[in-house]
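Here the structure is laid out as structure tokens; the discussion comes afterwards.
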Amino acid sequence: MVLFIIFIALAVCLTWFALKVRMILFRVGAFLAWLGCGVYLLIGGNVDLDISNVWNQVLGLLFIVMAFAVLILQIVVETKRTGPDGSSYTEWGRQKKVKKPSRSYLAQDQHRATIRRATGRK
């Protein structure tokens, strides 16, 4: 029983790492941990959960669904982009957010342009 709970804690930790790091290695590790929990519970490991056989099957199927849910998170979206020269290309991954320049940066840029004009530089 204690080993089974430790294995579930391992699966939860690997799932948390998989959500934070977004590497396929962590996703596969979490998949295998959840799948192992589900298969162990369904095939008849002696877990002694003091619940009925139906609930053991429901929990086993829930663990298997969790395994595939972790892998589904790895699916990325194809993004079509247009380059600065007008050419289009396809990129895999989530769409990146465009950051606006801060006000202080804009003020600094205007001041730099004023100094360059005053000194005769372009």
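Read-outs: derived from the displayed coordinates by stated rules, not from any lab. From a predicted model like this one, the values you see are computed outputs, not experimental measurements. Every residue, glycine among them, receives a Cβ derived from its backbone with ideal geometry; neighbour counts consider all protein chains shown.
Using θ = phi - 60° and the Karplus curve 6.51 cos²θ - 1.76 cosθ + 1.60, what whole-Hz ³J(HN,Hα) does each residue of the range 22-32 get, with Gly and Pro shown as x?
For the range 22-32, the Karplus-derived couplings read 6, 10, 5, 5, 5, 5, 5, x, 5, 4, 5 Hz, x marking Gly and Pro.
Could you give the length gained on full extension between LEU32 and PHE68, defined as 0.36 nm per residue of separation minus the Cα-Cα distance, in nm?
Numbers: separation 36, 0.36 × 36 = 12.96 nm, distance 0.96 nm.
That pair, LEU32 and PHE68, stretches by 12.0 nm at full extension.
Can you order the peptides 15-21, 114-120, 30-36, 52-58 by their average number of other Cβ atoms within 10 Å per residue, highest first?
In descending order of packing, they fall as 30-36, 15-21, 52-58, 114-120.
Taking 7 Å along the Cα-to-C-beta vector as the label spot, tell me the VAL12-ARG103 distance in nanometres, rounded to one decimal.
For the pair VAL12/ARG103, the computed spacing is 4.5 nm.
So if I average 1/r over every pair of distinct C-alpha atoms in the range 2-72 and take the inverse, what Kirkwood radius in Å does that give?
The answer is 12.2 Å.
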